[in-house]
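**Q** This is the structure, below, for whatever I ask next.
Quick note: the coordinates plus some simple rules give every number you see, no bench work behind them. Keep in mind that this is a model prediction, so the values were computed, not measured. Every residue, glycine as well, gets a Cβ built from its backbone with ideal geometry; the counts of neighbours run over all protein chains shown.
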Amino acid sequence: MAGEPVRIDDPADPRIAGFVSIRERDLTGRDGRFIAEGTVVLRMLGSAPARANGFGCEAILLLENRLAGLADVLSAFGDDVPVYVASAAVFDAVAGFNMHRGVLALGRKPAVEIGNALLAKLPETSLVLAGCGLSNHDNVGSIFRNAAAFGADAVFLDETSCDPLYRKAIRVSVGAVVSVPFSRGLGAWAMLEGLAAAGFEIWGLSPRGAVSVAAIPAARRIALVLGTEGEGLPQNILSRFHTARIPQKPGLDSLNVATASGIALYQIALAMGRVD
């Protein structure tokens, strides 16, 4: 279990420096660390999948009235992880705004896996998502949540997609960002060509897709490719790979990218026997 709780009465206490001014630090970075917010995300950070993916926890900060109800969650962490508790006034002063959830953890990022490093770890039969230019943290968080729900093996993000370990993305994903393996950093073209070379059938999702997602044929390895809101996938990608659409009622340009990922993932996961 995590270490014995230590009370913090001074927002400037150096032991909780990693939690200070959360919103500003979200923008400037944390040197290989990130903030996990909320009970569900904290539980995921302490889970076996998170540890297997190389995630760690350096410290936990709790609102004093949350401590009693979190014994089972804290039991997943080693006694080398300090647990700090604070009053609401101190907690909010540390965070820089009202933190009604009262549960924070300072996580440690794993070594970055780019392209082939993650590809080499995937099973022979695989279903993955690939994102190109995904700039909205809410959408990225939802995409990871969908990936976890429908048994995707990994998420690949190009170098222009936002960081899935941004606090808001982690929160929206309900912690799935630490349980679903991901790669981020290659250009979109190199990322997709790498997937193709590894035996993946590449399917770009677009309102102008050639076939319905329900008509995507069974394959040993499938990658569903998502583009940014509004513009979607660039034409050079749509021309190079297979394309599929989600049929919908006329009059609406397209679905939200996170919604589209959930529908398409469900369809393929069902065909692959990953969901009932």
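**Q** What list of ³J(HN,Hα) couplings, whole Hz, do you get for segment 60-67 from phi and the Karplus terms 6.51, -1.76, 1.60, once you set θ to phi - 60° and write x for glycine and proline?
**A** Working through the residues one at a time gives 10, 10, 10, 5, 4, 7, 9, 4 Hz.
**Q** Report the semi-axes of the equivalent ellipsoid for segment 80-154 in whole Å, largest first, where each axis is √(5λ) for an eigenvalue λ of the Cα gyration tensor.
**A** Taking √(5λ) for each Cα gyration eigenvalue gives 35, 17, 12 Å.
**Q** Report the percentage of all Cα-Cα pairs in segment 92-241 whose separation exceeds 19 Å, rounded to a whole percent.
**A** Value for segment 92-241: 54 percent of Cα pairs lie more than 19 Å apart.
**Q** While we're looking at this one, here's another question. For a protection proxy built on the mean count of beta-carbon atoms within 10 angstrom, sort 51-59, 228-236, 177-185 highest first, please.
**A** 177-185, 51-59, 228-236
**Q** Take the chain, connect every pair of alpha-carbon atoms lying under 10 Å apart with a spring to form a Gaussian network, then pick out the residue of L122, L104, L192 with the largest mean-square fluctuation.
**A** Evaluated over the chain, the most mobile residue of the options is L122.
**Q** Taking loop as defined by DSSP and a crowding limit of 15 other beta carbons within 10 Å, which GluC sites (Glu not before Pro) in segment 75-159 fit?
**A** E124, E159
**Q** Tell me the label-point distance for the pair D138, A215, using the 7 Å Cα-to-Cβ offset, in nm and rounded to one decimal.
**A** 3.3 nm
**Q** Give the average over all directions of the projected area of the C-alpha convex hull of the chain, one decimal, in nm².
**A** 15.3 nm²
**Q** At 222 nm, what value in deg cm²/dmol follows for the chain if DSSP H runs of at least 4 each add -39500 (n - 2.57) and the sum is divided by all its residues, to the nearest 500?
**A** -8500 deg cm²/dmol, from helical runs alone.
**Q** Which residue, chosen from V112, P164, P123, occupies the Cα position most advanced towards the positive end of the dipole of the chain, where the dipole is computed from +1 (Lys, Arg) and -1 (Asp, Glu) charges on Cβ about the Cα centre?
**A** So the residue furthest toward the plus end is P123.
**Q** What is the dipole size for segment 158-246, taken about its Cα centre, with +1 at each Lys and Arg Cβ and -1 at each Asp and Glu Cβ, in debye to the nearest 20?
**A** So the dipole magnitude of segment 158-246 works out to roughly 260 debye.
**Q** Can you work out the FRET efficiency for the pair A12 and A48, with r the C-beta to C-beta distance and R0 = 45 Å, to the nearest 0.05?
**A** 0.80
**Q** Subtract the Cα-Cα distance of A71 and L270 from 0.36 nm times their separation in residues, and report this length gain in nm to one decimal.
**A** 67.9 nm
**Q** What's the angle, to the nearest 10 degrees (0 to 90), between helix 257-271's Cα axis and the longest principal axis of the chain?
**A** Between helix and principal axis, roughly 70 degrees.
**Q** Compute the long axis of helix 137-149 from its Cα atoms, compare it with the longest principal axis of the Cα atoms of the chain, and write down the angle in degrees, 0 to 90, nearest 10.
**A** 80 degrees
**Q** Additional query: I'd like the orientation of helix 188-197 relative to the chain: the angle between its Cα long axis and the longest Cα principal axis, in ° from 0 to 90, rounded to 10.
**A** 70 degrees
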